[in-house]
1. Condition test on Val45, is it within 23 Å of Gly353 (Cβ to Cβ), modelled with pLDDT of 95 or more and of a type in the set (Val, Ile, Thr)?
2. Pick out, from the stretch 209-270, the strands (runs of 3 or more DSSP E) lying fully within it that include 3 or more residues that are hydrophobic (A, V, I, L, M, F, W, C).
3. State which residue pairs qualify: first residue touching a residue at least 24 places away in the same chain (Cβ under 8 Å) and inside the stretch 224-239, second residue aromatic (Phe, Trp, Tyr) and in a strand (DSSP E or B) in any location, beta carbons under 9 Å apart, and separation of 6 or more residues or different chains.
4. Quick check: anything in the stretch 143-150 out of contact with any Cys (no Cβ under 8 Å at 6 or more places or on another chain), at pLDDT 95 or above and not in a helix (DSSP H, G or I)?
5. Within the stretch 93-115, can you find the residues that are acidic (Asp, Glu) and surrounded by fewer than 18 Cβ atoms within 10 Å (Cβ to Cβ)?
6. If a residue counts only when it is in contact (Cβ under 8 Å) with a residue 24 or more places away in the chain, which helices (runs of 4 or more DSSP H) contained entirely in the stretch 322-401 have at least 3 such residues?
7. When the residues of the stretch 168-221 are filtered to those that are free of Cβ contacts under 8 Å to residues at least 40 places away in the same chain and among the small types (Gly, Ala, Ser), which remaining residue is farthest from Ile263 (Cα to Cα)?
8. Where residues in the stretch 309-323 are within 18 Å of Leu342 (Cβ to Cβ) and in contact with a strand residue (DSSP E or B) (Cβ under 7 Å, 6 or more places away or on another chain), which of them is surrounded by the fewest Cβ atoms within 10 Å (Cβ to Cβ)?
Amino acid sequence: MKFALIKERKNPPDRRVVFSPQACQKIVADFPKAEIIVESSDVRVFKDKEYSSLGFKVTEDVSDADVLLGVKEVPIKALIPNKKYFFFSHTIKKQPYNRALLKAILENNIELYDHETIVNSDNFRLIGFGYYAGVVGAYNGLRAYGLKFGMFSLPKAGSFKDRTALEAYLDNINLPNIKIVITGKGRVGNGAKEILEHLKIKEVSVEAYLTQEFNEAVYVQIDVLDYNKRKDGKHLDMFDFFDNAQDYDSTFMRFAKVSDVYIAGHFYGDGAPYFFTRENAKSKDFNIKVVADISCDVDGPIASTIRSSTIANPIYGYNPHTESEVDFMDDNAIAVMAVDNLPCELPDNASRGFGSMFYHSVIPAFFNDDKDGVLVRAKMTENGKLTPRFSYLQDYVNGIE
């Protein structure tokens, strides 16, 4: 089985890759039937010579590979027919801007495996960049706070070689006795939490966070039942929330009343209550000054996220009274960090972390007859058609709203 690491061609350039040179070395050592070639790239965080020095062929032509591994969408003109592709296609939610891409994949008889569709038998995702989105998102949130209040000036995360260098720089800052709330306890939330732990910020209970004052910075990490309650007052488990989100109201305002910084690392499902609305943000009880929205659902559950931001310009201001964008330094502004491709800022660490997950969860399936069903569940297209699991996308492919 011949795998190819393909060049990332989407703009702005993405420096991430599925496998580092060292990960490639481990794969061919552990799976003797695996072969890996590398498409030459002047963008990738790991240089061509780092692969070639370990014996991997670096080439401009990867058309003889069986499986092509990328990160971002492959431009239609760069697709090679009759191949297996892995990349984030951004089509499974019927994103209109990629309908033509999915149509071209079908027309070119390509087997598409979207990284988002790689799940276990319980339908939980097995791989992703969420952890490093959390790491960078928390850093960017602290950076926004320091800039807004003139307390410290952190460089952009992308200016560091890796996470070790980023954390070393963080050691130079001192935070006042602010309160920080993190939503989400998955990969994203836990990545964010590790940055706060590195700074030795104290974690406190929900009750203490809501009712006590502290003489140091503190944080709380909350899950769905901490910031939602059933409309009928019943106390059920989180699986009830996931199944019946429409039966819940948000209680997040009790956290907004006492928080200075909000780091949003949750997954937001259709029909779930908004965390806070535009009317909520106008309330005199709304105290949040900085929102680091890693989840980045535009014009959705976090009212201040009125657009995504960019790595080049990551922070903007939201004036809750005018419901409009302003300079984040404005006295009336909530500073909003809503970059939607945060892991790109630490491409070395992000690639190594992603590659480790892919190695453990996906690579074995190519050599054990997919005994756990990982590939069959993830496969979106085959023989020019959508697979049954993804047949719901047919109207989308046909351009029917």
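The values are calculated or read from the model by the stated rules, or taken from the named source; none is laboratory data. Please read these numbers as outputs of a predicted model, since none were measured by experiment. Ideal geometry is used to build each Cβ from the backbone, glycine not excepted, and the neighbour counts take in all protein chains shown.
1. Details: within 23 Å of Gly353 (Cβ to Cβ): yes; modelled with pLDDT of 95 or more: yes; of a type in the set (Val, Ile, Thr): yes.
Yes: the conditions hold for Val45.
2. Working: elements: 218-222, 228-230, 248-250, 261-264.
Once the strands (runs of 3 or more DSSP E) in the stretch 209-270 are filtered for at least 3 residues that are hydrophobic (A, V, I, L, M, F, W, C), what remains is 218-222, 261-264.
3. Going by the 9 Å Cβ cut-off, the qualifying pairs are Val224/Tyr248; Asn228/Tyr248.
4. Yes, the stretch 143-150 contains a residue that is out of contact with any Cys (no Cβ under 8 Å at 6 or more places or on another chain), at pLDDT 95 or above and not in a helix (DSSP H, G or I).
5. In the first step, residues of the stretch 93-115 are kept if they are acidic (Asp, Glu); the result is 107, 111, 114.
Within the stretch 93-115, just Glu107 meets the criteria.
6. Numbers: elements: 347-361, 374-378, 394-398.
The helices (runs of 4 or more DSSP H) meeting that bar are 347-361, 374-378.
7. Only one residue tops the list, namely Ala168.
8. Of the residues in the stretch 309-323, the ones within 18 Å of Leu342 (Cβ to Cβ) are 309-316.
Cutting the leftovers down to in contact with a strand residue (DSSP E or B) (Cβ under 7 Å, 6 or more places away or on another chain) gives us 309-311, 314-316.
Working: Ser309: 18, Thr310: 13, Ile311: 17, Pro314: 24, Ile315: 22, Tyr316: 23.
Per the stated criteria, the residue is Thr310.
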